[in-house]
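Here's the structure we're looking at; comments come further down.
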Amino acid sequence: MKPFVVIASSYAIFLSGASLLGLLWFGFSVTHLVIAVADSVAGIAGIVCVVRGTAGLLAAVAAIFGIIGVATDAIDYYASSHVPGSYYAWFLMVPLCIAFGVIAVFGASKRKV
């Protein structure tokens, strides 16, 4: 399970950087900020949880907030974007939600702060 958590955490940290660059380039959005912060916290806490065995609860909570952030971003996207042919970036967000799930399950199994 540890290699999957390391891969999931690395993907979350990578998308955190991409989200922060998107915030700088395209403008501020609360949902993108929540996703970026949850990505970085869940990714770093997931790696700390694998290496040291601590921060499991933090990783699980950050991953849950990340999934909530992705859901609110998708709802906001489909509620406000009325352009034909427009699509949400599900090819990035579905693997991110899977990564959040892996981090949350592994972090909840450790249950140390």
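A few comments on the model shown:
- Stretch gain in nm, segment Leu33-Val51, where the contour uses 0.36 nm per residue and the Cα spacing is subtracted: 3.8 nm
- Accessible solvent surface per residue of the range 40-113, calculated while the other protein chains remain in place, 1.4 angstrom probe, Å²: 56
- Cα principal axis extents for the chain, largest first, Å: 47, 22, 20
- For the chain, the longest principal axis of the alpha carbon atoms and the long axis of helix 56-80 meet at an angle near 10°.
- MRE, 222 nm, helices only [DSSP H, n ≥ 4, -39500 (n - 2.57), over the chain, to nearest 500]: -29500 deg cm²/dmol
- FRET efficiency, Tyr88 to Phe14 (Cβ-Cβ, R0 22 Å, nearest 0.05): 0.70
- Projected label points at Thr72 and Phe4, each 7 Å from Cα along the beta carbon direction, are separated by 2.8 nanometres.
- Taking the C-alpha atoms only, the angle from helix 2-26 to the longest principal axis of the chain is near 30 degrees.
- The phi-based Karplus calculation (6.51 cos²θ - 1.76 cosθ + 1.60; θ = phi - 60°) puts the 3J(HN,Hα) values of the range 90-106 at 5, 5, 9, 7, 5, x, 5, 5, 5, 4, 4, x, 5, 5, 5, 5, 5 Hz, whole numbers, x for Gly and Pro.
- The portion of the accessible surface of the chain made up by carbon and sulfur, rounded to a whole percent, is 78 (1.4 Å probe; DNA, RNA and ligands excluded).
- Debye log10 I(q)/I(0) at q = 0.24, 0.27, 0.33 Å⁻¹ for the range 33-76, Cα point scatterers: -0.70, -0.81, -1.04
The values are calculated or read from the model by the stated rules, or taken from the named source; none is laboratory data. The structure presented is a predicted model; accordingly, all values stated were derived computationally and were not measured. Here the Cβ is made from the backbone with ideal geometry for all residues, glycine too, and neighbour counts use every protein chain on show. For the accessible areas, the whole protein counts, side chains as well, though only heavy atoms, and no ligand, DNA or RNA atoms are used. Shrake-Rupley method; radii C 1.70, N 1.55, O 1.52, S 1.80 Å.
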